[in-house]
Amino acid sequence: MKCGIVGLPNVGKSTLFNAITRAGIAAENYPFCTIEPNVGIVEVPDPRLKPLIDIVNPQKVQPAIVEFVDIAGLVAGASKGEGLGNKFLANIRETDAIAHVVRCFDDGNVVHVAGKVDPLDDIETINTELALSDMETVEKTLQREGKKAKSGDKEAIALCAVLEKIQKWLDESKPVRTLGLDADQLQLIKPLCLITVKPVMYLANVDESGFENNPLLDKVVNLGKAENAPVVAICAKIESEIADLEDEDKAMFLTELGLEEPGLDRVIRAAYSLLGLQTYFTAGVKEVRAWTVKRGSTAPQAAGVIHTDFERGFIRAEVIAYEEFVKNKGEQGAKEAGKMRLEGKEYIMQDGDVVHFRFNV
Ligand code: GDP
């Protein structure tokens with residue numbers, strides 16, 4: 001699951017992305033996959049890990065991770081192939097959610113592509129390009145599938161009906177994510193990889209002093225409320241400075257700034273949630289580990305994240321809610337307190353579940 005970072009040039013995307021890669025997991029720790037230069041993999045900060053570690057005292061700890069993709073160079077006209085438009089749009093299609101970086105800082109030394117700093121204009125420019133790109137995809141598919149529909153192909157008829165709805169919506173400059181399509185309709189259009197169906201959050205890039213009394217930020221926050229999209233304010237410049245520090249200096253620097261955690265942590269958690277992800281834990285003496293599943297996953301699906309054999313041979317899951325695990329000081333205590341549940345194939349995983357899977361090989 002990947003979160004793409006988009007935004008106009010000169011809004012601070014590279015600065016933020018550099019902070020992500022430097023705070024992130026080094027490519028040498030992933031010898032089995034090539035990490036492209038535009039991909040940053042970061043651990044998801046999770047305050048629940050520490051208590052688990054204190055109880056279990058494991059040899060190893062593995063937090064959940066999330067992947068960011070830097071999609072630089074989106075400009076007005078991208079959907080018509082301006083700049084490196086087509087390539088960038090293709091990169092966005094492959095992501096699962098979008099973090100839209102918006103400039104909310106005034107700095108005469110940093111040129112703004114449109115000549116003035118107006119976050120709402122900027123957002124509209126990008127959104128227009130994304131919508132135009134979707135429109136093109138929809139038109140092409142309608143032409144192709146329309147022929148099949150005429151000859152009575154049931155699937156094509158259903159698809160065309162959804163696409164016509166989408167076309168109207170996009171014509172009104174609205175993103176597909178707000179159309180309220182149901183699960184079946186979403187499944188039908190999945191192969192199209194539409195961009196505006198993906199969930200979006202706005203990252204308002206502010207100056208050091210711009211977290212409060214910042215009318216530019218207020219504009220983005222209000223837009224986020226109207227669109228039901230999360231807004232995270234960060235100062236990319238500070239984040240890139242923090243990312244370079246050793247842990248001890250980092251803590252000192254944050255205290256000086258009056259911050260509890262790097263803004264990056266908020267960005268990472270927001271991305272994780274935007275991607276529709278949640279965590280369950282395995283807590284053994286060898287390893288305490290946070291695993292990632294889509295919200296709404298069943299127990300066998302969650303087991304499949306560890307190993308496909310676990311899903312195939314799933315028998316049941318021994319589940320302890322996180323709070324009970326901590327309150328009862330571990331598995332043994334939770335069992336004695338009657339807080340361990342045996343769950344079957346239909347069980348929907350809850351965020352924070354501490355789990356032991358039983359399976360046949
Ligand atoms: P990109 O084109 O969106 O990738 O933007 P960059 O990350 O390259 O940033 C463009 C310029 O804005 C660089 O000179 C950055 O140093 C500067 N910049 C980025 N974030 C901030 C910020 O929070 N405040 C100020 N004043 N400048 C910033």
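If the condition is being of a type in the set (Phe, Trp, Tyr) and buried (at least 19 other Cβ atoms within 10 Å of the Cβ), then the stretch 180-215 contributes only Tyr202. The residues in the stretch 254-269 that are within 16 Å of the ligand (Cβ to nearest atom) and over 17 Å from His100 (Cβ atoms) can be counted, and the count is 3.
Selection of the stretch 305-318 for residues being modelled with pLDDT under 95 and of a type in the set (Gly, Ala, Ser) yields only Gly313.
Out of everything in the stretch 116-173 that is outside any helix (DSSP H, G or I) and in contact with an Asp or Glu (Cβ under 9 Å, 6 or more places away or on another chain), what residue ends up being nearest to Gly210 (Cα to Cα)? Please lay out each step first, then the result.
First, pick out the residues of the stretch 116-173 that are outside any helix (DSSP H, G or I): 116-118, 151-153, 172-173.
Cutting the leftovers down to in contact with an Asp or Glu (Cβ under 9 Å, 6 or more places away or on another chain) gives us 117, 153, 173.
On the way: Val117: 14, Asp153: 56, Ser173: 31 Å.
Looking at the filtered set, the residue picked out is Val117.
Taken together, the residues in the stretch 302-349 that are within 29 Å of the chain's Cα centre (by Cα), of a type in the set (A, V, I, L, M) and farther than 23 Å from Asn360 by Cβ amount to 2.
On the basis of being assigned by the TED database to the domain that holds Thr21 and modelled with pLDDT of 95 or more, does Ala321 make the cut? No, not satisfied. Against the definition (within 13 Å of the ligand (Cβ to nearest atom), more than 19 Å from the chain's Cα centre (by Cα), outside any helix (DSSP H, G or I) and among the small types (Gly, Ala, Ser)), how does Ser240 come out, yes or no? Criteria not met by Ser240. Scanning the stretch 223-234 for residues that are touching a Leu at 6+ places or on another chain (Cβ under 9 Å) and either closer than 18 Å to Arg22 by Cβ or not small (Gly, Ala, Ser) (or both) turns up Leu223, Pro230, Val231, Val232, Ile234.
Here Val197 does not qualify as in a strand (DSSP E or B), more than 16 Å from the ligand (Cβ to nearest atom), modelled with pLDDT of 90 or more and in contact with a helix residue (DSSP H, G or I) (Cβ under 6 Å, 6 or more places away or on another chain). Here is a check on your reading of the model: is Gly180 more than 16 Å from the ligand (Cβ to nearest atom), within 26 Å of Met1 (Cβ to Cβ), part of a loop (DSSP other than H, G, I, E, B) and of a type in the set (Gly, Ala, Ser)? When the stated conditions are applied, Gly180 passes them. Can you say whether Lys339 is at pLDDT 95 or above and either in a loop (DSSP other than H, G, I, E, B) or in contact with an Asp or Glu (Cβ under 7 Å, 6 or more places away or on another chain) (or both), as far as the supplied structure shows? So Lys339 passes the test. Taking the numbered list (1) part of a helix (DSSP H, G or I); (2) within 16 Å of the ligand (Cβ to nearest atom); (3) modelled with pLDDT under 90 in turn, Glu28 passes all entries but (2).
The values are calculated or read from the model by the stated rules, or taken from the named source; none is laboratory data. This one's a predicted model, so the numbers in the text were calculated from it and none came from an experiment. So basically every Cβ, Gly included, is an ideal-geometry build from the backbone, and we count neighbours across all protein chains shown.
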